[in-house]
Structures are given as C-alpha cells and as structure tokens.
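One structure is given below, encoded as structure tokens.
The values are calculated or read from the model by the stated rules, or taken from the named source; none is laboratory data. Keep in mind that what you see is a predicted model, and the values were worked out from it rather than measured. So basically every Cβ, Gly included, is an ideal-geometry build from the backbone, and we count neighbours across all protein chains shown. Note: accessible area is taken over every heavy atom of the protein model, side chains too, but ligands, DNA and RNA are not part of it. Shrake-Rupley method; radii C 1.70, N 1.55, O 1.52, S 1.80 Å.
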Amino acid sequence: MRYIILCDDELPFYLIPQDSRQEILFVCEDTRLQKRLIRRGAKCRCGRLRKRGVYQRMKVCPTDRIGVFLRDEKARVEVLRAVLEHTDVFAITLVGERNKKRRSAVSLHPRVRSVLMAEVCQNGVINELDKTVSAAQLRTLRSIFHDQERVLLLVQYDPDPDAVASALAMRTLLGRNKLSAPIASFGRVTRPENLAMLKLLEIEVIQIGLEDVQEYNRIVLLDVQPSHFREELPPVHVIIDHHPENEVAACLFKDIRPHYGATATILQEYLHAGDVKITQKLATALLYGIKTDTLLLEREAIENDLRAFSSLYPMANHRLIRRMERPQLPKEDLSILSKAFQKPSIVDDVIYVHLD
C-alpha cells in the first residue's frame with residue numbers, strides 16, 4: 001500500500017509530519033516543483049496527471065490511496081476523472097469551504113471524498129486517506145443489515161474488554177439497541193475486571209446456546225473467528241477481528257487485520273469514517289479495550305492503535321476505568337489469596353504456591 005499525492009505546489013508536503021513524509025510519493029507536472037520537493041527530502045515523480053501513462057508507470061494498485069491537492073478547480077476535476085478512469089484506488093480531494101456544497105459529479109463518486117483544509121490540518125493527510133477507504137467499507141457493511149430484523153453480535157466464550165467494546169461499537173454503527181442486536185456468548189464472563197466493566201458501563205452480554213443462533217437474520221463475529229468455536233456455527237455474515245486468520249471463512253463481509261493491536265481500533269476507525277457520535281460510555285469501553293489488548297500500547301500496537309487511543313482518551317471516563325482495573329474480589333478469591341500468603345515456597349528467585 002502506498003500514499004500518493006498529486007499536487008501543483010509544495011503545500012501538501014508541509015501538511016505532513018516530518019516522520020511520515022517518507023511514506024508518501026508526490027507526483028506533479030512541473031519539473032521545477034519536483035526538484036524543490038526532492039531537495040526538501042520528499043520522494044517525487046513527474047508526469048502528466050491527466051494521462052493513463054503516469055499511473056501505469058507507477059503501477060498503481062487497488063490498495064494504494066491517492067490525494068488530489070490541486071489549486072485550480074478545473075484541473076482538479078480533470079485529474080480526479082483520470083484517477084477514477086485509470087485506477088481502482090480510493091482518493092480524496094481538497095476543496096474550499098465555499099465549494100463543499102457545490103461539488104462536481106466526479107467529486108461525488110463513491111471512491112472520492114472531498115475534505116476541507118481544516119480537516120487535513122487537524123487529522124493529517126494519511127488519516128484522511130485511510131478514512132476514505134473506511135467510509136466505503138462502512139457503506140458496504142451497513143448495506144448487509146438493511147431490512148434485517150434481528151442481528152446477533154457474537155463474541156468468544158469468556159469475552160474480554162476488546163470484544164465487548166467492539167460489539168458495543170458495532171451496535172452503534174448499525175443504529176441498533178440491545179433488543180435488535182444483543183451481545184452474546186456461548187460462555188460467560190468470569191474475570192473480575194471484565195465483570196466490573198459490564199457492571200459499571202451497564203453492558204449486557206447474554207449467554208446463549210447453539211439452537212438460539214437460528215433466531216437471528218444476521219450473525220456478526222467480533223474479535224473472534226468461526227474456527228475458535230467448538231460449536232458448528234451456521235454461516236456467519238460478518239467477521240471483524242485482529243487475530244490472524246487460521247482458517248478461511250466465507251462470509252458477506254470480512255475485515256481481519258492481524259497487524260492491529262485491538263479489534264476496538266478497527267471499530268473506532270469505522271465510527272470516525274461514518275462521523276458517528278461517540279458517547280462517553282462507548283469511548284470508555286473502546287479505550288479500555290485497546291488499553292487491555294495492547295497492554296497500554298506496549299504490546300503489538302501500531303500507529304492506528306495510538307491514533308484511536310488518542311482520539312478516545314479525552315472522551316472517556318477515567319474514574320470508571322480505574323475502578324475496572326481494581327475490581328472488588330469475591331470472597332472465594334480472598335480465601336485463596338490468604339492460603340497463598342500462608343504457604344509460599346521459594347526456589348531460587350521464584351515464589352510459588354500449590355493451590356490444589
């Protein structure tokens with residue numbers, strides 16, 4: 001995947017943080033601009049942006065993203081038309097405030113998003129390019145649930161915060177409630193921290209049997225895949241997960257990103273792409289999900305996890321998160337701890353206790 005910026009001046013270069021500039025290929029028609037950008041440390045090519053040849057030479061593929069940052073509106077429309085005709089990529093185009101409502105037909109294409117300078121300055125070029133892809137995926141995802149009465153949001157046997165938060169976000173994306181889209185598991189929540197999350201955020205996870213699954217029109221797996229279950233599931237319709245895919249599962253929509261630290265990050269990106277309002281409750285759940293699955297961004301976290309975490313942090317209830325992390329222990333746990341403290345054995349530098 002590459003990020004490609006088609007430009008006619010140096011402005012887009014300065015909109016990109018210095019540590020991200022090497023991820024982007026700039027393309028322009030002016031050799032003098034090309035030389036200036038290269039002198040500033042950018043990767044830049046020169047070519048005719050309205051012609052097929054420049055995209056063929058760059059070997060543009062569907063996973064690439066293109067930003068069209070041209071000042072002249074006529075040139076911008078013509079180049080956008082060339083991008084759509086000669087490639088299969090998603091693109092963004094920079095527009096002025098006054099032109100946002102008066103856009104050309106090509107700017108309204110499903111593979112194109114028109115963004116304001118303020119949005120690019122606030123969120124960054126790379127983030128806005130990724131948002132374009134997420135917005136298109138979200139349209140496809142939502143279409144699967146059109147006119148479907150009951151949706152099952154199925155998570156693993158002993159759901160963790162990442163799974164619960166992702167299911168809650170999915171319900172929000174679909175505009176559903178707990179009756180039309182319940183969160184369910186074949187097992188039950190056992191860890192005190194996870195029980196505290198459900199109690200404090202008033203989230204219900206119902207325990208179901210395999211026979212109950214037949215009652216639903218759509219089945220969504222979140223933070224889990226069919227191969228994880230002992231039960232022989234009926235065909236599932238949607239899978240969203242961040243664990244590696246060990247068995248290929250057929251479904252209507254699949255978004256598996258093993259390089260991500262948490263499934264909650266994927267759902268946060270969908271919420272952002274759909275401009276969905278995130279409540280404090282949802283922000284708290286998603287933040288806690290990312291925090292626990294990445295060990296506070298220290299384990300298998302990527303920049304997307306950090307960006308989602310930073311976006312959710314100001315909206316979350318940190319007092320509740322502290323209470324989730326230090327839950328009340330049941331009496332039986334206290335008695336086991338008491339036994340552990342009374343009969344420790346020490347071998348070299350390791351303390352261990354046999355608790356039967």
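Filter the stretch 52-69 for residues that are among the charged types (D, E, K, R) and surrounded by 14 or more Cβ atoms within 10 Å (Cβ to Cβ) and give the result. Of everything in the stretch 52-69, those that are among the charged types (D, E, K, R) and surrounded by 14 or more Cβ atoms within 10 Å (Cβ to Cβ) turn out to be D64, R65. Of the listed requirements (1) among the aliphatic types (A, V, I, L, M); (2) open to solvent by 50 Å² or more (accessible area, probe 1.4 Å); (3) out of contact with any strand residue (DSSP E or B) (no Cβ under 6 Å at 6 or more places or on another chain), I38 misses just one: (3).
Can you say whether A91 is in contact with a Lys or Arg (Cβ under 9 Å, 6 or more places away or on another chain), touching a residue at least 24 places away in the same chain (Cβ under 8 Å), of a type in the set (A, V, I, L, M, F, W, C) and farther than 24 Å from D275 by Cβ, as far as the supplied structure shows? In short, no. Taking residues in the stretch 113-126 that are under 24 Å from R81 (Cα atoms), and partners anywhere that are open to solvent by 40 Å² or more (accessible area, probe 1.4 Å) and in a helix (DSSP H, G or I), the pairs with Cβ atoms closer than 8 Å and at least 6 places apart or on different chains are L116/E97; I126/E23. Report, by residue number, each residue of the stretch 77-94 that is within 19 Å of F13 (Cβ to Cβ) and either open to solvent by 20 Å² or more (accessible area, probe 1.4 Å) or under 29 Å from the mean Cα position of the chain (by Cα) (or both). Of everything in the stretch 77-94, those that are within 19 Å of F13 (Cβ to Cβ) and either open to solvent by 20 Å² or more (accessible area, probe 1.4 Å) or under 29 Å from the mean Cα position of the chain (by Cα) (or both) turn out to be A91, I92, T93, L94.
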